[in-house]
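The values are calculated or read from the model by the stated rules, or taken from the named source; none is laboratory data. From a predicted model like this one, the values you see are computed outputs, not experimental measurements. Here the Cβ positions follow ideal geometry from the backbone for every residue, glycine too, while neighbour counts run over all protein chains shown.
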Amino acid sequence: MRSLILVLAGVLCATNTAIAADHTLGGPIADDPGKGGFSWTGAYVGVTYGSNSIVDYDPTFILGPTTFTGEVQKFGVHAGYQFDMGRFSIGAEYEYMPLDMQFVDNGGIGPIPVYVEDVHALRGRIGLNIDRVQIYALAGMSYYTVNVGFADWKPNVGVGFDIAVTDHVILGAQYSHGWYGEFDGQPFEGKFDQYAVRIGYKF
């Protein structure tokens, strides 16, 4: 988590420097900050670096009910498309992250040979535009796969912000949360959280 915070701090420092260099003291200021010269309309692709964690309650475990956890930091990719409507934007996004996140039994056994292989997320997106800054919310479904043959679609929501450093380079940060009351027909309960920093290219 410390490395993720340091990466985020670096992103914010670089962003502030780039935006300051992009505006002169004598330059015009848009009357409506949501309708500046920059448009969020277009397709984009990028890289995600996320700190991922899972908490899973399993009442069927052979040694009795127990809670499993897992945590891993990984790189992933994302892509999407947005329509700029002035003050607001709407769009859709896909994200993939290869997790290989091993479960640990909190009952004392320790790591077990079960892990979440990867996650595919499909989410709608709505953003509030403040010129080159966008604050947004996400909602959709994520498809999780587990190495022992389980796989399922589960709800996922998130919030984040993006900053257009240039007309094409986008930096940002994002938090997403997923949950399930059962998984692949099994009575497992759990939640999945991701804190991420992202860099993308808008076409």
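Within the range 132-156, being out of contact with any Lys or Arg (no Cβ under 8 Å at 6 or more places or on another chain) and either of a type in the set (A, V, I, L, M, F, W, C) or in a loop (DSSP other than H, G, I, E, B) (or both) holds for 132, 133, 135, 146, 147, 148, 149, 150, 151, 153.
Listed here are the residues, each with its yes/no results for (1) more than 30 Å from residue 169 (Cβ to Cβ); (2) part of a strand (DSSP E or B); (3) small (Gly, Ala, Ser).
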{"position": "37", "(1), (2), (3)": "no, no, yes"}
{"position": "49", "(1), (2), (3)": "no, yes, no"}
{"position": "60", "(1), (2), (3)": "yes, no, no"}
{"position": "64", "(1), (2), (3)": "yes, no, yes"}
{"position": "67", "(1), (2), (3)": "yes, yes, no"}
{"position": "72", "(1), (2), (3)": "no, yes, no"}
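On the stretch given as the range 146-203, residues that are under 19 Å from residue 135 (Cβ atoms), within 18 Å of the chain's Cα centre (by Cα) and hydrophobic (A, V, I, L, M, F, W, C) total 12.
Each row is one residue, and each column tells you yes or no for (1) at pLDDT 85 or above; (2) exposed (fewer than 12 other Cβ atoms within 10 Å of the Cβ); (3) of a type in the set (Phe, Trp, Tyr).
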| position | (1), (2), (3) |
| --- | --- |
| 12 | no, no, no |
| 17 | no, yes, no |
| 32 | no, yes, no |
| 43 | yes, no, no |
| 51 | yes, no, no |
| 58 | yes, no, no |
| 61 | no, no, yes |
| 69 | yes, no, no |
| 78 | yes, no, no |
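Every condition in (1) closer than 26 Å to residue 55 by Cα; (2) charged (D, E, K, R); (3) buried (at least 19 other Cβ atoms within 10 Å of the Cβ) holds for residue 182 except the one numbered (3). Count of the range 189-203 residues, restricted to those that are among the hydrophobic types (A, V, I, L, M, F, W, C), surrounded by fewer than 21 Cβ atoms within 10 Å (Cβ to Cβ) and assigned to a strand (DSSP E or B), is 1. None of 162, 167 is of a type in the set (D, E, K, R), buried (at least 16 other Cβ atoms within 10 Å of the Cβ) and more than 18 Å from residue 118 (Cα to Cα) except 162. When restricted to residues that are in contact (Cβ under 8 Å) with a residue 60 or more places away in the chain and touching an Asp or Glu at 6+ places or on another chain (Cβ under 6 Å), the range 184-203 contains 2.
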